[in-house]
1. Would you check if Glu245 is under 30 Å from Ser152 (Cα atoms) and not assigned by TED's automatic domain parsing to the domain that holds Gly325?
2. So Leu108 clears everything in (1) over 27 Å from Gly373 (Cα atoms); (2) in a loop (DSSP other than H, G, I, E, B); (3) over 22 Å from the mean Cα position of the chain (by Cα) except one condition, right? Which one?
3. So Leu140 clears everything in (1) surrounded by fewer than 19 Cβ atoms within 10 Å (Cβ to Cβ); (2) closer than 21 Å to Arg35 by Cβ; (3) touching a His at 6+ places or on another chain (Cβ under 9 Å); (4) not charged (D, E, K, R) except one condition, right? Which one?
4. Scan segment 28-42 residue by residue and report those that are buried (at least 19 other Cβ atoms within 10 Å of the Cβ) and among the hydrophobic types (A, V, I, L, M, F, W, C).
5. Scan segment 241-251 for residues that are under 18 Å from Gln262 (Cα atoms) and surrounded by fewer than 18 Cβ atoms within 10 Å (Cβ to Cβ) and jot them down.
6. Can Asp51 be described as surrounded by fewer than 16 Cβ atoms within 10 Å (Cβ to Cβ), within 22 Å of Val22 (Cα to Cα), of a type in the set (Asp, Glu) and modelled with pLDDT of 95 or more?
7. Working carefully through the options Asp103, Asp112, find the one that is at pLDDT 95 or above and buried (at least 20 other Cβ atoms within 10 Å of the Cβ).
8. Find the residue count for segment 46-101, including only residues that are small (Gly, Ala, Ser) and touching a strand residue (DSSP E or B) at 6+ places or on another chain (Cβ under 8 Å).
Amino acid sequence: MKRGRMIDTDRLYSIFMELCAVDSEPLGERLMADRMTVQLQALGFTVTEDDTGGKIGGNAGNLYARLAGTAPGEPLLFSCHLDRVVPGVGVKPRIEGDAIVSDGSTVLGADDAAGLAALLEAVTALQESGSLYPAIEVVLTVAEELALVGSSHFDLSPVVSRIGFVLDAGGPVGGIVVRAPQQYKFTAQFHGRSAHAGIAPEQGISAIQMAALAISRMELLRIDEETTANIGSISAVGPTNIVPERCELRGEVRSLDPAKVQFQLARLTEVIETAANESGGTVTVTTTPCYPALRLNETCEPAQRAARAAERIGVPVRFSGSGGGSDANYFNERGVPTVVLCCGYEKVHTTAERMPLDQLALLAGWVTEIIAGGVAEA
């Protein structure tokens, strides 16, 4: 199996582990933004930062970078995110067998340091080899792990590319995600009536009991192959000797089919309101859109370009849908056809996260072929 051309694996593994060790939880991406700015500028990119950090309560904004090409051709957009899920501070990466892992007290941060490192190595290798490449645009987003809030604020007007690739999916290298879900969050505020829990509990209406009744009637987790729903939190704080008059539920619904999202939200709202009415209380339900669905055809140019590059490095091509959103959801909605590339990391969003060494090398090789191989095709 080929790994693609010109990749220096020792350098790749080193920069990957260095990036993993940079603290970069959501809304705290300053160190990573600064590090990537320096790295990109060293490769000749011009880099600007927007004001998203101030809008969302973070300490860094989205980065937009552009590198002039050495050959004519359609400019290409690549995107990764700067943040990682909690716990993502104090990461201590190490090579263990055939993979890079953390010490088990934090996530590794391969999501999305793998994409960042592969992109840096690919451009470095192309420049060292003297290969021709088109203009390259890079968007690095903040707070992606908070339901894509960083990219929701990004102004795509400076972007001229109409072929995009987001390096941000699990699964073996060669996987190309062309469908991803729409997501909505919902909040239910239950209102009951307080009473002394020992002396006159029958005079009270328990908001917690209302919420529990509603949850017991909900269809949750896997609804069908395209649709999921989840309760993420239930909150009611108070002493045990008072019947609780307030309780809050927070949850989400997502589906590859936007119509199914609306259907599930309507069902959940009905269940919640019925539980409150039967209990003698009231409830306020609020639904909030998080991000749009990604729906592309496998024949679109970014999908086909990525597929041809994968074939050149000897990697099986797989087109698929995903249950998770990415910044590609917004890029596509705003007119830039963008697929999501599988990066090879495993056990994502857990402290057991790992990055197989061979997958990281293949990812960097894949990116070089997407960039330079297209020039050869032209």
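1. So Glu245 does not fit the description; no.
2. (3)
3. With respect to (1) surrounded by fewer than 19 Cβ atoms within 10 Å (Cβ to Cβ); (2) closer than 21 Å to Arg35 by Cβ; (3) touching a His at 6+ places or on another chain (Cβ under 9 Å); (4) not charged (D, E, K, R), Leu140 is out only on (1).
4. Met32, Ala33, Met36, Leu40
5. First, the residues of segment 241-251 that are under 18 Å from Gln262 (Cα atoms): 250-251.
Arg250, the sole residue that qualifies.
6. So Asp51 fits the description; yes.
7. Working: Asp103 fails: buried (at least 20 other Cβ atoms within 10 Å of the Cβ).
Exactly one of Asp103, Asp112 is at pLDDT 95 or above and buried (at least 20 other Cβ atoms within 10 Å of the Cβ), namely Asp112.
8. From segment 46-101, those small (Gly, Ala, Ser) are 53-54, 57-58, 60-61, 65, 68-69, 71, 73, 79, 88, 90, 97, 99; that's our starting set.
Subsequent filtering for residues that are touching a strand residue (DSSP E or B) at 6+ places or on another chain (Cβ under 8 Å) retains 60-61, 65, 69, 79, 99.
Residues that pass the stated criteria total 6.
The values are calculated or read from the model by the stated rules, or taken from the named source; none is laboratory data. Just so it is clear, the model here is predicted, and its values are computed rather than measured. Cβ sites come from the backbone with ideal geometry, for glycine too, and all protein chains shown count toward neighbours.
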